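Worksheet for the structure shown next.
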Amino acid sequence: MIRTAVIGCGYWGPNLIRNLYDEPRAQVRYVCDINRERLEAIGRRYPTVKIVGDEHDVIGDRDVDAVFVATPVETHYRIASAALKAGKHVLIEKPLTDSSAAAQKLIALAKKHKRVLMVDHTFLFTSAVQKMKEIVSLGELGEVYYIDSVRVNLGLFQHDINVVWDLGPHDISIANYVLGQTPRRVSAVGASHVSQRTQDVAYVTLYYPGQLLGHFHVNWLAPVKVRQMLIGGSKKMLLWNDIEPSEKIKVYDTGVTVRHRPDGRPDKGEIYKTLIQYRTGDMYAPRLENVEALSRVVSHFLDCVETGQQPLSDGEHGLQVIRVLEAADSSMKLHGEPVSL
Ligand SMILES: NC(=O)c1ccc[n+]([C@@H]2O[C@H](COP(=O)([O-])OP(=O)(O)OC[C@H]3O[C@@H](n4cnc5c(N)ncnc54)[C@H](O)[C@@H]3O)[C@@H](O)[C@H]2O)c1
């Protein structure tokens, strides 16, 4: 039995607690939050769990094997580093930390103390992202040209991070995982309409090696919730609409081919009128398993604790995401000038 504690039970923490309760391999010993009201609500729902208001009570208890950190980003490093130093495995909410320097220190601490450090990049564990990874890896789309995402809704405004740090980790993590690459440069523009210091609308471009482009649009000021990602390839194209209750992914046998002249070179001049051919073939929607991604996150983390295997979203994966977020912040200050990683 892996003895666990959840620190932070605001919006996301209770989802972790619920999934841990469903896991026969785990026991929830503590739930910790500085907000008494939230804590008491959890206590009423899970009467056997110890509820405490001070993270040190959890970290100082030798009978806790693993700590789940679901507090605001600015506290991640402090809590996770103390837990790792106390010999506990750590699952930490995205984004890993508020700086790449802090992320590197956590990775080093986990290595030194031989403990699992995993970041909850929940989307990697969705059936949709797993299917996209499979489709891209099998080469079904051909050479991937771009990955383009829109992730917008009204709020929730965060007090310690901007919209890129709030919503962007999902897109960066998904893009890096599905493409199996990390970007070389980042360019971003953003604007702060509501609070002077915090960007609430942003457009971010990721330059992967070669001609491969990533782009995401994140926004806290949209009238509707949109969660769409397109992946365009030389053979096929894919649309993921996460709001759709079924047929979330559609693969289109759609593309463009350039007819060559007998000498093998594309024609000049008339080329766009005559030689580009558009192919619009069939579409299919792959079947996706209906499993809550967070239950897979929890189960994968417990597997890693038991076997010592490296998590899919390990500290290094989390660090790559932070590097892009930092570069996006720098680029926004430079009005979109690309920043190298
Ligand atoms: N994986 C996902 O899809 C996903 C979704 C939402 C949020 N998150 C992440 O989860 C984390 C928390 O986000 P949230 O939306 O739940 O925030 P929230 O503000 O709703 O909850 C945070 C909780 O942490 C508590 N807290 C703060 N400092 C504490 C401390 N030192 N000790 C104990 N408790 C403390 C607060 O009182 C609050 O109840 C963030 O990192 C966020 O990015 C991840």
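The values are calculated or read from the model by the stated rules, or taken from the named source; none is laboratory data. Since the structure is predicted, the reported quantities are computational estimates derived from the model, not experimental observations. Methodologically, a virtual Cβ is constructed for each residue, glycine included, from the backbone with ideal geometry; neighbour enumeration extends over all protein chains shown. Heavy atoms of the whole protein, side chains included, go into the accessibility calculation; ligands, DNA and RNA do not. Shrake-Rupley method; radii C 1.70, N 1.55, O 1.52, S 1.80 Å.
When the chain is treated as a GNM with alpha-carbon contacts under 10 Å, the residue of 315, 87, 168 showing the greatest mean-square fluctuation is 87.
Determine the equivalent ellipsoid of the chain by diagonalising the alpha-carbon gyration tensor, then write out the semi-axes as square roots of 5 times the eigenvalues, largest first, rounded to whole Å.
So the three semi-axes of the chain are 40, 22, 19 Å.
Of 26, 101, 70, which is the most mobile in a GNM of the chain whose springs link Cα atoms less than 10 angstrom apart? Most flexible of the set in this elastic network: 101. Excluding same-chain neighbours fewer than eight residues apart, the lysines reachable from residue 133 by a Cα-Cα span under 26 Å are 94, 225, 235, 236, 248, 250. With all protein chains kept in place, the per residue accessible area of the chain amounts to 49 square angstrom at a probe of 1.4 angstrom. Other residues whose C-beta falls under 10 angstrom from the C-beta of residue 160 contribute a net charge of -3, scoring Lys and Arg +1 and Asp and Glu -1.
Computed over the alpha carbons of the stretch 1-99, Rg followed by Dmax gives 12.2, 37 Å. If only the Cβ of Lys and Arg carry +1 and only the Cβ of Asp and Glu carry -1, the dipole of the stretch 187-341 around its Cα centre is close to 740 debye.
Summarise the accessible area of the chain (1.4 Å probe, protein heavy atoms) by the percent that is carbon and sulfur.
51 percent
Mind checking which of 258, 226, 305 has the largest fluctuation in a GNM of the chain, springs on alpha carbons under 10 Å? In the Gaussian network model the winner is 258. Computed from phi, the 3J(HN,Hα) profile of the stretch 237-249 under the Karplus parametrisation 6.51, -1.76, 1.60 (θ = phi - 60°) reads 9, 10, 10, 10, 10, 6, 7, 4, x, 9, 6, 5, 10 Hz, with x in place of Gly and Pro.
Across the stretch 200-210, rounded Karplus estimates of 3J(HN,Hα) from the backbone phi angles (6.51 cos²θ - 1.76 cosθ + 1.60, θ = phi - 60°) give 10, 9, 8, 10, 10, 10, 10, 9, 7, x, x Hz, Gly and Pro being marked x.
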